[in-house]
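Data block below; observations after.
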Amino acid sequence: MAEKHTIVGPARGEPLPVGHVGVRLRIPLSGAPSPRWSRDLRARLTAEFSGHSNVGHLALNEAVQGHEIVLDGVESGEADTLATAVERAVEATNSACADAPDDSVPLKPREEADAIARTVAERQRLGEDGAA
């Protein structure tokens, strides 16, 4: 199954604790990627950043978190080239995942998940009514 994600908004910066180098950048994606897509993106980001002078503190282990690319340890000297490098990595990952088989775990039917969610939501609603 083909998988494709795009960057859907501007990067958002967050400070890191004192003693850490750089900042955290959060780049929003169009969806939550599969583990396969996430691993592929990490590998391509590593290749994109290799040889750049200010990437010694860049952490890519948890580069995809939910609907975001999260980069810790981004330094100001890398800011100019970061956007282009991330865009190239996302495009290359989409190309690689376009025809590759999906190695994710088979999923149970959607109906089962929906039924369980309805039951939980109903119990929550009953709990709220009782607490009022």
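Return the residue satisfying two criteria in turn: it lies in the range 1-38 and is under 13 Å from the mean Cα position of the chain (by Cα) and aliphatic (A, V, I, L, M), and of such residues it is nearest to GLY73 (Cα to Cα).
So the residue we want is LEU25.
Here's the yes/no breakdown for (1) touching an Asp or Glu at 6+ places or on another chain (Cβ under 8 Å); (2) of a type outside the set (S, T, N, Q); (3) at pLDDT 85 or above:
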site: PRO15; (1), (2), (3): no, yes, yes
site: VAL18; (1), (2), (3): no, yes, yes
site: VAL23; (1), (2), (3): yes, yes, yes
site: PRO28; (1), (2), (3): yes, yes, yes
site: GLY31; (1), (2), (3): no, yes, yes
site: LEU45; (1), (2), (3): no, yes, yes
site: HIS52; (1), (2), (3): yes, yes, no
site: VAL64; (1), (2), (3): no, yes, yes
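One line per residue, one yes/no per condition, for (1) among the polar types (S, T, N, Q); (2) part of a loop (DSSP other than H, G, I, E, B); (3) surrounded by 14 or more Cβ atoms within 10 Å (Cβ to Cβ); (4) out of contact with any Pro (no Cβ under 8 Å at 6 or more places or on another chain):
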| position | (1), (2), (3), (4) |
| --- | --- |
| HIS20 | no, yes, no, yes |
| PRO33 | no, yes, yes, yes |
| ARG42 | no, no, yes, yes |
| ASP72 | no, no, yes, yes |
| ALA79 | no, no, yes, yes |
| ALA83 | no, no, yes, yes |
| GLU87 | no, no, yes, yes |
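The values are calculated or read from the model by the stated rules, or taken from the named source; none is laboratory data. Everything quoted here is computed from the prediction, not taken from an experiment. Backbone-built Cβ (ideal geometry, glycine too); neighbour counts: all protein chains shown.
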